[in-house]
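Below is one structure, written out as structure tokens, with a few remarks after it.
The values are calculated or read from the model by the stated rules, or taken from the named source; none is laboratory data. Please read all numbers here as calculations on a predicted model, not as lab measurements. Here Cβ is always computed from backbone atoms with ideal geometry, including for glycine, and neighbour counts include all displayed protein chains. Ligands, DNA and RNA are excluded from the accessible area calculation, which covers all protein heavy atoms including side chains. Shrake-Rupley method; radii C 1.70, N 1.55, O 1.52, S 1.80 Å.
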Amino acid sequence: MNLLPLKQLFWGILLAGLVLGLGLFSLTVGARDIPLSTILASFSAYDGENFQELIIRTLRWPRLLAALLCGSSFAVSGALMQGITNNPMASPSILGINSGASFGMALAMILLPEATLNQTVGFSFLGAAFATGIILLVASRLGGKATPVYLALAGTAISAIFTAATRMLVVFFDVAQDLSYWTAGGLSGIRLEQIFRVGPWTLLGLGIALAISRQVTLLSFGDEVAVGLGAQLGKIRFLAGAVVLLLSGSAVALAGPIGFVGLMTPHMVRKLVGIDYRVVLPASALAGTLLVLLADIGARLVNPPYETPLGAITALIGVPFFMVLANRERKGV
């Protein structure tokens, strides 16, 4: 009997169970702890005059859904980027795509002060696409020197440039207060209306990602092997790139540039379920959600009743992970 499917099924069920349990726990913690019985009552027999039930329905439930959308978006984006480029250090945050999306969002606030959320998401897409174009240009100029470490360093530099440009613009045009939440990264204050507007973009991106997952698996073996097995390189890379922009742009518009989720999650998932992207992508979505949920709970518990920026929590884990990975790549391990 082939034990691999059983292993994949086990980890899939375990990750789903952990997401469910941690999601339920996240509804109970915050500036005011709320018992589980009240949480269940807020969904089965909602009483709008009950303050605790009001908190659950208007604040913590949208926050949980945002963690699901953002965690899965960043993780699947990172897995796709690593798969189609054979670059283990690729992720939306490392290569500057998240910072580009933030730059686009800043432009939306400056050029269209009354912009709708859909317009803001559109500007995020454009900013992410602009950053992607720059990193592709850098990769083409580097030619044979475009190693994972070189690209990671180039992406870090591009990210720093976009971040500096964003801060300069928001200060000059006096929109710093409006953008400060997104630049730090976090899920507090998200409302159901935002979830309903961003959710369809996320679902579309995840659907396309699953549809091309088999071809991405072929690409992860290298171009020559992929072509020999019938993969259409240009088409798959274009679709995967579009999915990365779709998922990263919408997630940044919702919660800000939360870093390192897309870098760490695919590596951990491939250790658990193997390299078949038909399994890696859904497992990454679950693991990314789990990581964002853990970070969000930590952000609430570090210094209550104040919240620590979510991006700072993920960076505490992500920066050491990045350094170890970069050292391994430099040594050719």
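With 0.36 nm allotted per residue and the present C-alpha distance subtracted, the Leu9-Thr38 stretch has 7.1 nm of extension available.
Computed about its Cα centre, the charge dipole of region 171-323 is approximately 420 debye, with only Lys, Arg, Asp and Glu carrying charge at their Cβ.
Distance between the pseudo-spin-label points of Asp47 and Thr116 (7 Å out from Cα toward the beta carbon): 3.8 nm.
In the chain, Cα pairs under 8 Å separated by at least six residues give a relative contact order of 30 percent. Listed peptides 276-286, 69-79, 297-307 appear in the order 69-79, 276-286, 297-307 once ranked by packing, highest mean of other Cβ atoms within 10 Å at the front.
Taking every Cα-Cα distance in region 1-133 and sorting them into 5 Å bins starting at zero, the pair-distance distribution P(r) comes out as 2, 9, 12, 13, 12, 13, 14, 13, 8, 3, 1, 0, 0 percent.
For the pair Met168 and Asp223, the difference between a 0.36 nm per residue extended length and the Cα-Cα distance amounts to 15.7 nm. What angle, in degrees between 0 and 90 and rounded to the nearest 10, separates the Cα long axis of helix 148-172 from the longest principal axis of the Cα atoms of the chain? Between helix and principal axis, roughly 40 degrees. Think of it as helices only: each DSSP H run of n ≥ 4 in the chain is worth -39500 (n - 2.57), and spread over all residues that comes to -25500 deg cm²/dmol at 222 nm. Working from label points 7 Å from Cα in the Cα-to-Cβ sense, the Ala31 to Ile275 distance is 5.0 nm. The portion of the accessible surface of the chain made up by carbon and sulfur, rounded to a whole percent, is 69 (1.4 Å probe; DNA, RNA and ligands excluded). The Cα atoms of region 215-301 give a gyration tensor whose axes a ≥ b ≥ c have a/c of 1.5 or more with a/b no greater than b/c, which makes the shape oblate. Taking the longest Cα principal axis of the chain as reference, the axis of helix 310-331 is set at about 20 degrees.
Here the peptides 244-251, 8-15 are ranked by packing, the mean other Cβ count within 10 Å, and the order with the highest first is 244-251, 8-15. Compared with the direct C-alpha span, the chain from Leu20 to Ala211 gains 66.2 nm at full extension, assuming 0.36 nm per residue. Peptides 232-238, 190-196, 102-108, ordered by how many other C-beta atoms sit within 10 Å of their residues on average, highest first, read 102-108, 190-196, 232-238.
For the chain, the Kirkwood hydrodynamic radius comes to 20.3 Å, computed from all pairs of different C-alpha atoms. Distance between the pseudo-spin-label points of Thr156 and Leu233 (7 Å out from Cα toward the beta carbon): 2.9 nm. Between the Cα long axis of helix 97-111 and the first principal axis of the chain there is an angle of about 50°, rounded to the nearest 10. Rounded, prolate or oblate: which one fits region 83-142, using the alpha carbon gyration tensor with axes a ≥ b ≥ c (rounded when a/c is under 1.5, else prolate when a/b beats b/c, else oblate)? It comes out prolate by the Cα gyration axes.
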